[in-house]
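Student: Take this structure, written in structure tokens, and hold onto it; I'll ask about it next.
The values are calculated or read from the model by the stated rules, or taken from the named source; none is laboratory data. The model shown is predicted, which means the values in this text are computed figures rather than measured ones. Neighbour counts run over all protein chains shown; Cβ positions are idealised from the backbone, glycine included. These area figures cover heavy atoms from the full protein model, side chains too; ligands, DNA and RNA do not enter into them. Shrake-Rupley method; radii C 1.70, N 1.55, O 1.52, S 1.80 Å.
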Amino acid sequence: MEQTQEQQVVSMPRIGEPAPAFKAVTTQGDINFPVDYKGDWVILFSHPADFTPVCTSEFMTFASMEDKFAQANCKLVGLSVDGLYSHIAWLRTIKEKIEYRGMKNVEVNFPLIEDITMNVAKKYGMIQPGESNTKAVRAVFFIDPKGIIRTIIYYPLSLGRNFDELYRALIALQTADEFGIATPADWRPGDDVIISPAGSCNAAKDRMEGKDSNVDECKDWFFCTRKLDKDTVLKKILKK
Ligand code: BEZ
């Protein structure tokens, strides 16, 4: 079936796939993505436009949490389809004039990509025409140290992100990798973690009978948990 231009399938990166590569100009110089970030976690996120209030509140929040993300080996990279001089002027205005929720004099030190051609935004499925043809939605890509996309969250223009949730997701992803477990609803460090379902009926039976030292409790054959204390998690994940 022939497709009109609007119907053409746009690329949407998917979880488990390599992060699409690009080179870009940012407020902190040129970047080669994701090559420059190999060995680190990175959150690549887009915002609709400079000099807008929700985006300003988000940038101030992210900038205030940059050290916290860095402690978890995670760098931040922003993007919008505005130009470099707009980015620079906006970030300067934020630092000089905006006070929000006790944050003031906030300096944004992570790179903010200029993407006036929308090349990167289109590669990452950040332009979602049902929401806007001319602005990126609020996309968040969690990319692991091997350059693989591990989580994607999209928010519409009107909805500011919850940064505690972004941090929680980062720590949960790293905990799953480090300890070979999964994390249940609303998990936070210190809560019990989920052991993946047993590979055989005998293994499931052993678990139910308390014979698997990797398991502390089974609610049923498919739902087993183990304790993982907060210090053990944080010691493994956070830099000293
Ligand atoms: C904002 O960041 O305030 C915003 C940006 C685009 C559309 C609506 C709100």
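Student: Where a Cα-Cα gap under 13 Å defines reach, which aspartates and glutamates qualify for LYS75, not counting those fewer than 8 residues away within the same chain?
Tutor: Of all the aspartates and glutamates, those that pass the test against LYS75 - Cα under 13 Å, at least 8 places apart if same chain - are ASP36, ASP40, GLU66, ASP67, ASP144.
Student: Output wanted: per-residue J couplings in Hz (rounded whole) for the range 120-132, from phi through Karplus 6.51 cos²θ - 1.76 cosθ + 1.60, θ = phi - 60°, x for Gly and Pro.
Tutor: 6, 4, 6, 4, 9, x, 8, 8, 10, x, x, 9, 6
Student: Separate question: Only four residue types carry charge here, +1 at the Cβ of Lys and Arg and -1 at the Cβ of Asp and Glu. Report the dipole size of the chain about the Cα centre in Debye, rounded to the nearest 20. Walk me through the numbers on the way to the answer.
Tutor: Values: 30 positive and 33 negative charges, 75 e Å.
Roughly 360 debye, rounded to the nearest 20.
Student: Report, in listed order, any pair from LYS95/LYS123; LYS123/LYS146; LYS95/LYS135 with a Cα-Cα distance greater than 27 Å.
Tutor: On the way: LYS95/LYS123 31 Å; LYS123/LYS146 19 Å; LYS95/LYS135 24 Å.
The pairs that break the limit, which is 27 Å between Cα atoms, are LYS95/LYS123.
Student: May I ask for the net charge around ILE194, where only other residues with Cβ less than 13 Å from the Cβ of ILE194 are counted and Lys, Arg are +1 while Asp, Glu are -1? Provide the component values of the computation, followed by the final result.
Tutor: Working: positive: ARG207, LYS219, ARG226, LYS227; negative: ASP186, ASP191, ASP192, ASP216, GLU217, ASP220.
Surrounding charge for ILE194 is -2.
Student: I would also like to ask the following. Summing Lys, Arg as +1 and Asp, Glu as -1, what charge do residues with Cβ under 10 Å from the Cβ of PRO184 carry, PRO184 excluded?
Tutor: Taking every Cβ under 10 Å from that of PRO184, the sum is -3.
Student: Given the rule -39500 (n - 2.57) for each run of at least 4 DSSP H residues, summed and divided by the residues of the chain, what is its mean residue ellipticity at 222 nm, to the nearest 500 deg cm²/dmol?
Tutor: That comes out to -8500 deg cm²/dmol.
Student: Mind putting together the pair-distance distribution for the chain? All Cα pairs, 5 Å bins, whole percent per bin, short to long.
Tutor: Reading the bins upward from 0: 1, 6, 13, 15, 16, 14, 11, 9, 6, 5, 3, 1, 0.
Student: With a 4.7 Å Cβ cut-off, tell me which Cys residues in the chain come up empty for a partner.
Tutor: CYS55, CYS74, CYS201
Student: Lys pairs in the range 180-237, Cα-Cα under 24 Å, at least 8 apart or on separate chains: how many? Could the numbers behind the result be given before it?
Tutor: Numbers: LYS205/LYS219; LYS205/LYS227; LYS211/LYS219; LYS211/LYS227; LYS219/LYS227; LYS219/LYS230; LYS227/LYS235; LYS227/LYS236.
Final tally of qualifying lysine pairs is 8.
Student: Moving on. Per-residue counts of other Cβ atoms within 10 Å, averaged by peptide: what ranking do you get for 54-60, 103-109, 75-81, highest first?
Tutor: Highest-to-lowest ranking by the protection proxy: 75-81, 54-60, 103-109.
Student: Take the solvent-accessible surface of the protein heavy atoms, probe 1.4 Å, and return the percent of it on the chain that carbon and sulfur atoms account for. Spell out each step's value before the answer.
Tutor: On the way: 6680 of 13130 Å².
Result for the chain: 51 percent of the exposed heavy-atom area is carbon or sulfur.
Student: For the chain, which DSSP H helices look membrane-span-like by this rule: Cα extent along the axis of 20 Å or more and mean Kyte-Doolittle of at least 0.0?
Tutor: 163-179
Student: Further question: Based on the alpha carbons, how large is the Rg to Rh ratio for the range 180-237 when Rh follows Kirkwood?
Tutor: Reported Rg/Rh (Cα atoms, Kirkwood Rh): 1.00.
Student: In percent, how large is the relative contact order of the chain, given Cα pairs closer than 8 Å and 6 or more residues apart?
Tutor: 21
Student: Measuring with a 1.4 Å probe in the full set of protein chains, what accessible area per residue, in whole Å², belongs to the range 180-237?
Tutor: Per-residue accessible area for the range 180-237 comes out at 66 Å².
Student: Here is a follow-up. Given H placed on each backbone N at 1.01 Å, which residues far from ALA136 in sequence or on other chains put an amide H within less than 5 Å of it?
Tutor: Sorted by chain and number, the residues that satisfy this are VAL81.
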